[in-house]
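What follows is a set of notes on a single structure, which appears directly below.
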Amino acid sequence: MAHVPSLHRCCLQFNQSEMRLLNLKAGFLRRRAPDSPLSARPQPEEAQKWAESFTALMASKYGSSLYRAFLLREFSNENLEFWLAVEEYRNSKPQKMAAKAQQIYNDFVAVQAAKEVNLDSETRLITLTNVQSNNPDQHAFDRAQRRIQHMMERDSYLRFLQSELFLELVQTNQCPTSTGCGTNDSSSVL
């Protein structure tokens, strides 16, 4: 790592530290006893509902947190961060929308943004026009958000449904897949 510039090395160390914390949290979430009154871990039936649609997954606080943990482990969380930022933006007070819209655009939509999401040029231009209008409304990011959601539904959401994080939750027996005492048949999930 001696040849890595100090700023890049700092970011790598931050990412490694963040990943260790994330792995601890994900492990904790998976290991909580489902019958414990303090447990936030959902029953397998609830977790199986997440496989019905992306919307069902995002409607669950636990499900969306687990999906975020999955994406962070894959270093592909910018799409979800954008999607969540737009959801928060929609609930903003009208007088704060213009500033929030510009911030979301700068962070996610602008070419070479720090967390740039993959959008076609037409969607990017429509979004810019909406953001630069005199009074951007709650629909300024609709097209871009639909595109990003569609990409997640076709890619990372499907990978999440096949991940160990998800499969451990939907198993009817309470034995983690890592111990090898349960089946890992994902055909019943989908």
Any aspartates and glutamates whose Cα falls less than 16 Å from that of Lys93, other than same-chain ones fewer than 8 residues away, would be Asp137
Let me see the P(r) profile for segment 106-162: every Cα-Cα distance counted, bins of 5 Å, each bin given as a percent of all pairs. 4, 19, 23, 24, 16, 8, 5, 2, 0
Quick one: pull the percentage of alpha-carbon pairs in segment 62-179 with a separation above 26 Å. 29
Starting from 0.36 nm per residue, how many nanometres of slack lie between Arg73 and Asp137 once their C-alpha separation is accounted for? 19.7 nm
One computes Rg over Rh for segment 39-113 from alpha-carbon atoms, with the Kirkwood Rh, and obtains 1.06
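What ranking, highest mean first, results for peptides 95-103, 62-70, 74-82 when packing means the other Cβ atoms within 10 Å averaged over each residue? Numbers along the way, then the final one.
On the way: 95-103: 14.9, 62-70: 19.6, 74-82: 17.4.
Descending mean neighbour count gives 62-70, 74-82, 95-103.
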Rounded to one decimal in nm, the spacing of the 7 Å Cα→Cβ label points at Lys49 and Ser64 is 1.5
Leaving ligands, DNA and RNA out of it, work out the accessible area of Asp155 with a 1.4 Å probe and give it in Å² to the nearest 10. 80
Partner lysines whose C-alpha sits under 19 Å from that of Lys61, ignoring same-chain residues fewer than 8 away, are Lys25, Lys49
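The values are calculated or read from the model by the stated rules, or taken from the named source; none is laboratory data. Note that the coordinates shown come from a computational prediction; the quantities given were computed from them, not determined experimentally. So basically every Cβ, Gly included, is an ideal-geometry build from the backbone, and we count neighbours across all protein chains shown. These area figures cover heavy atoms from the full protein model, side chains too; ligands, DNA and RNA do not enter into them. Shrake-Rupley method; radii C 1.70, N 1.55, O 1.52, S 1.80 Å.
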